[in-house]
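See below for the structure under consideration.
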Amino acid sequence: MKILHVITRSDLGGAQSVVINLANSMCSDHQVTVVAGEDGPMWDELDKRITKIKIKEIVREISVSKDTVAFFKLKKLHAAIKPDVIHLHSSKIGVLGRLAFPPKKIVYSVHGFDSIRLAHRKFLPLEKLLKSRCKAIVLASDYDKQNIINEGIVKNLHVVYNGVQHPEVSSDLYIQGLENYKKVVMCIARISPQKRFTSYLEIAKLLPEYAFVWIGADKTYDDLPGNVICLKGIPNAKKYIQLADIFVLPTNYEGVPIVVIDALSYGKPVISSDVGGISEIVLNDKNGYVLENKNEIFAEKITHILENDDVLKGFSEKSMQIFEKNLTINEMVKQYLYIYKK
């Protein structure tokens, strides 16, 4: 089978992780091509057997001139490689691709409907207009599926949880300063209003006995609380989750974040804001908590887990069970292959 993946950006966000995992897992049995804009780190993560095509006119922002050129380049590419399946990832290319490619070949993964429904609602009319120009719309959670149905998009919907690799254990990881604290709290995310970095700092102030590590900063931040270690982006940052006792993600909206799945794959309890589909994989009093965005409540639940060894152990075991059952790459690939072949 010839499979064409198309995504707007080539950085290393959640949608790109799905493209990498699907493409690398399928390229031994199928002819896989990945198309994107930019010169980002995603390209280096793709298997050498995958055909990689950069179209510089594929950009995130709306540009009549660039979008027009990209549209015709995509049509030309389709004519050249004649894919059996065209998998579009995220909203911008979801619009452009559904206009450029034959609908009966298109699988469109939304990767977090709240980014459209809440953050960029002006694009919702386009989603409704193009809802029939694909054979399948894939959502990352039942939460997203219900919300897209509420907006009047009801046909050809599927839910596929994102999957990640079974992690490799590293013995040589080190972050300076962790040895000075009882336990380690960690978050890996870009710093943006969505991710509530300020809330993370306020939670850290309430719990000075724990180290709070944030990986993914865009610059050096001054005047941080003394127990906060803020690091810029690190290649394969998820491996540092091994150093954490608990993973914490305050956020305003999400789908099902890949980084939370990464934390579960390492058997870590998770505390997160109760948004998106996170509550489908982080179960209250089972492997963590999903909470309203109040710093004091986050601090209370972090303390409850870290100060009770039996709770920490039980939550860790449950996180691993949830990962093994629903969130592996093999499970994700199996479900997507079923959709591809329909």
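For LYS183, what is the net charge nearby, where nearby means another residue's Cβ is under 13 Å from its Cβ and Lys, Arg count +1, Asp, Glu -1?
Neighbourhood net charge equals -3.
Tell me, what is the per residue accessible area of the chain in Å², probe radius 1.4 Å?
45 Å²
How far is the Cα center of segment 194-255 from the Cα center of segment 98-146, in Å?
31 Å
As a check on your grasp of the helix formula, calculate [θ] at 222 nm for the chain: sum -39500 (n - 2.57) over DSSP H runs of n ≥ 4, divide by the residue count, round to the nearest 500.
Computed mean residue ellipticity for the chain: -10500 deg cm²/dmol.
Quick one: net charge of LEU124's neighbours, Cβ under 13 Å, K/R +1, D/E -1?
Neighbourhood net charge equals +2.
Compute the long axis of helix 91-100 from its Cα atoms, compare it with the longest principal axis of the Cα atoms of the chain, and write down the angle in degrees, 0 to 90, nearest 10.
Helix 91-100 and the main axis of the chain meet at about 10 degrees.
Using Cα springs under 10 Å in a Gaussian network model of the chain, which residue among SER319, SER272, SER192 shows the largest mean-square fluctuation?
Per the Cα network of the chain with a 10 Å cutoff, SER192 tops the list.
Which value in nm describes the separation of the simple spin-label points at VAL311 and ASP84, placed 7 Å from the Cα toward the beta carbon?
It is 5.1 nm.
Working from Cα positions, state the angle (0 to 90°, nearest 10) between the long axis of helix 295-306 and the longest principal axis of the chain.
Tilt of helix 295-306: around 70 degrees.
Quick check: the angle from helix 14-26's long axis to the longest principal axis of the chain, C-alpha only, nearest 10 degrees?
It is inclined by approximately 60 degrees.
Could you pull out the GluC sites (Glu not before Pro) across segment 271-336 that fall in loop regions by DSSP (anything but H, G, I, E, B) with no more than 11 other Cβ atoms inside 10 Å?
GLU292
Just report the Cα centroid separation between segment 1-77 and segment 79-97, whole Å.
9 Å
Work out, step by step, the length gained on full extension between LEU178 and ILE297: first 0.36 nm times the residue separation, then minus their alpha carbon distance; give nm to one decimal.
Fully extending the segment from LEU178 to ILE297 adds 40.4 nm.
Which residue, PHE197, PHE101, PHE72, has the most motion in a Gaussian network model of the chain that connects Cα atoms within less than 10 Å?
It is PHE72.
Using a Gaussian network model on the chain with a 10 Å cutoff between Cα atoms, which of LEU139, LEU306, LEU126 fluctuates the most?
Of the options given, LEU126 has the highest mean-square fluctuation.
Tell me the relative contact order for the chain as a rounded percent, counting alpha carbon contacts under 8 Å between residues six or more apart.
14 percent
Quantify, in whole percent, the carbon and sulfur part of the accessible surface of the chain (1.4 Å probe; protein heavy atoms only).
Percent of accessible area from carbon and sulfur atoms in the chain: 49.
Within the set of other residues whose C-beta is less than 9 Å from the C-beta of GLY112, count the net charge using Lys and Arg as +1 and Asp and Glu as -1.
-3
Tell me, what are the semi-axes, in whole angstrom and largest first, of the equivalent ellipsoid of the chain as set by the roots of 5 times the Cα gyration tensor eigenvalues?
After scaling each eigenvalue by five and taking roots: 36, 20, 20 Å.
The values are calculated or read from the model by the stated rules, or taken from the named source; none is laboratory data. Since the structure is predicted, the reported quantities are computational estimates derived from the model, not experimental observations. For neighbour counting, all protein chains shown are included, and Cβ atoms are generated from backbone atoms with ideal geometry for every residue, glycine included. Just the protein is used for accessible areas: all its heavy atoms, side chains included, with ligands, DNA and RNA removed. Shrake-Rupley method; radii C 1.70, N 1.55, O 1.52, S 1.80 Å.
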